[in-house]
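Trainee: After the structure tokens below, expect a handful of questions from me.
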């Protein structure tokens, strides 16, 4: 009788442990989705702000169409990559967007009226703060994705992860140019 109780207790303990592991995997998977959702919200906000910034610039910069087109093309590329969920292409598109915005800000230096324009300054500040927030959220996402990937590859969690729907999370990688210091002389030489 005692042996039967011990076996029953061990079975219940094992089931409880497996349920705990499964629930932990669910929590970490949800954390990855939440972290991506937070990035997505900021990308959408930036996506909405950039046309306003470009429109203000168009009023002053009639001869700088190439710069404005590059920003709008980069905006479209980020939107496409975001919608597809392809984090590799999102990293490349983010690099293009950053380069386009840096070019836009550098060109704006040649237009004192534009630099003094309150709408331009507010939009530039808003887009810059969104860039900073996106960068911060990318770090949070990568931390969550790394924790998820470690968890689903660690034993015994890997056994349960392979039976459930717990795919590895893709880490956001960025171009070496995006990680390098910005060459301010090159930006202002335009």
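Trainee: Using r as the Cβ-Cβ distance of residue 47 and residue 10, and R0 as 45 Å, what FRET efficiency do you calculate, to the nearest 0.05?
Mentor: It comes out at approximately 0.25.
Trainee: Ranked highest first by average number of other Cβ atoms within 10 Å, how do 28-36, 151-159, 9-17 line up?
Mentor: Order by mean packing, descending: 28-36, 151-159, 9-17.
Trainee: Would you please put 18-24, 73-79, 95-101 in order of how densely packed they are, using the mean number of other Cβ atoms within 10 angstrom per residue and starting with the highest?
Mentor: Final packing ranking: 95-101, 73-79, 18-24.
Bear in mind these aren't lab numbers, they're just calculated from the coordinates by the rules spelled out. Computed from a predicted model, the values in this text were never measured in an experiment. Counting neighbours? That spans all protein chains shown, and the Cβs are built from the backbone with ideal geometry, glycine included.
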